[in-house]
Structures are given as structure tokens and as C-alpha cells.
Amino acid sequence: MEQTFVEKMDKSLSGLKTEIISNLLVSNEDFKEIVEGMDPKDLADIASDDIDRKMIEAIGSQDLKRLRLIDSALTRIQQGKYGLCIKCGKHIPQDRLEAIPYALMCIECKTEEERRNR
């Protein structure tokens, strides 16, 4: 995968992470109190910290799932594995990654998984 594309996706994922955290700060007073009680850090670093039970309660389950997927994608970028399907190992098409930057699987594997889960 092209390094420029991976760098672009790294910035996009970091931006998504910051956006989720910023929205939580605005909409959730409990989350805001937790964050304000932490040492001053970059917003993107806050979600990487160990999330205590109170923070998990403050974060909506969808946002928590997205944050975990984003963190996973950022880790795969650091490991040089970004854009590879975790199931079959094939390259995930760039169009799919642009639409869902934290995608774990190629379209074929994701479709197969969804069929099994019906």
C-alpha cells in the first residue's frame, strides 16, 4: 500500500478520534469531568489511556466501539499491517478504506461474516 495513502488515512483516523472525543466533551458532562480531571494531554491521547468504568459508562456504546476500531487501525498503521484483511490477509481496496478507514476486513470476508450472523 502506498505510504502517502497510509499517511492520509493516519491523519483521517486521528481526526475521527479527536472528533468523537470532542463531541463527547460537548454532549456529556460526566465525560467532561473525567477528562478535566486528567493530566493535560492531546485529545487524541486521552482515548488511548486506560478507560476506567466511569468513562465507559459516559461513552455511548457506538462511540466506544468506533474508538476501539480507530485505535486498532492506528496500531495496524504503526505495525505496517494497515489495509490488510484480518481474516484472509488480502489487501482491502482503498475505496473501502476511504469510506470506512477502520475497516478490519475486505468486502468478501465482511459479507461472509454478515451472512453467518443472520
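The values are calculated or read from the model by the stated rules, or taken from the named source; none is laboratory data. Small disclaimer: the values here were computed from a predicted structure and weren't measured. Virtual Cβ from ideal backbone geometry, glycine too; neighbours counted across all protein chains shown.
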Residue within segment 84-95 that is among the β-branched types (V, I, T), closer than 16 Å to N23 by Cβ and part of a loop (DSSP other than H, G, I, E, B) present: no
Test: I100 is free of Cβ contacts under 8 Å to residues at least 12 places away in the same chain and of a type in the set (A, V, I, L, M, F, W, C): yes
Close pairs from segment 71-95: first free of Cβ contacts under 8 Å to residues at least 60 places away in the same chain, partner of a type in the set (F, W, Y), Cβ under 6 Å, at least 6 apart: R76/Y82
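Let's see how each residue does on (1) at pLDDT 95 or above; (2) of a type in the set (A, V, I, L, M); (3) surrounded by fewer than 16 Cβ atoms within 10 Å (Cβ to Cβ); (4) part of a helix (DSSP H, G or I):
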position	(1), (2), (3), (4)
D30	no, no, yes, yes
I51	no, yes, no, no
E57	no, no, yes, yes
D63	no, no, no, yes
L67	no, yes, no, yes
L97	yes, yes, no, yes
A103	yes, yes, no, no
